[in-house]
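Working notes, structure below.
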Amino acid sequence: MPKSQARPVQCACDTVYRMAQEPDVPLAFDQSTNEYHLVFGVERSGRAVIYFCFSCGGALPNSRRAQLFAVLTSAETRRLRVLTRDLRSIDDAIRKLGPPDHDLKDGESVLSPGSETEPDYVQTYRTLIYSQLSETADVRIVERFPHGVGVEFVGKYIGENK
Ligand SMILES: [Zn+2]
C-alpha cells in the first residue's frame, strides 16, 4: 500500500459478524481464509468476498488467502509461458502436454452482465487442468471460441484443509 494512502478504519460494530451467525442470513465467515462471504445460488455454492462492513463502512478482518496459495515466482511463470505459448487448441494441448489431470466439459464460465434491453449471458468453456507441470501452479487451458485457447497459471492450494 502506498504511504500516502490511509489504512482503512476497521469495522467496530460487529454487524456482519453477528449476522453471519444467523442461519437464515446469506453471510458466512470462512475460518480458513479469515474472510466474510456473501453466499448465494444453487445449494449456496456461490461466494463473493466482502471487504467492508455494510453497516458502518469499516474494513472487515484482513484475508489470509495469500497464505493459502503458493506464490508464483516470475521465473516459474516465464517457464510455464514458454511451455504453453504455442498451443493452438484443446487437442493441440493434449498432444503436446499429455492427458490432463482434469478435463472439464463445463469448465470456466464467463458472465456478460445484461443491460436494460439485454439479459445476462453466461458462456462456459471446456477447461483442461494440469497439476503436474509445476510445483507451485496448476495450469489451466481454456477453450476460446471461435478458435484458440486461453492459458492460466493458478497458484496451488497449500492450506491445511485439502
Ligand atoms: Zn461495521
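Of all the residues in the stretch 111-126, those that are closer than 20 Å to ILE90 by Cβ and of a type in the set (Phe, Trp, Tyr) number 1.
The strands (runs of 3 or more DSSP E) found entirely in the stretch 62-162 that carry 2 or more residues being over 30 Å from TYR36 (Cβ atoms) and either without any contact (Cβ under 8 Å) to a residue 60 or more places away in the chain or within 15 Å of the chain's Cα centre (by Cα) (or both) are 127-130, 137-143, 149-155. Take the conditions on the phi < 0 side of the Ramachandran plot, in contact with a strand residue (DSSP E or B) (Cβ under 9 Å, 6 or more places away or on another chain) and surrounded by 15 or more Cβ atoms within 10 Å (Cβ to Cβ) and apply them to GLY150. Does it pass? Answer is no for this residue. Within the stretch 39-61, if we keep just the residues that are within 16 Å of the ligand (Cβ to nearest atom) and open to solvent by 100 Å² or more (accessible area, probe 1.4 Å), the residue that is farthest from the chain's Cα centre (by Cα) turns out to be PHE54.
The values are calculated or read from the model by the stated rules, or taken from the named source; none is laboratory data. Just so it is clear, the structure is predicted and the values come from calculations on it, not from any experiment. Cβ atoms come from the backbone with ideal geometry, glycine included; neighbour counts cover every protein chain shown. With ligands, DNA and RNA removed, areas are computed over all heavy atoms of the protein, side chains included. Shrake-Rupley method; radii C 1.70, N 1.55, O 1.52, S 1.80 Å.
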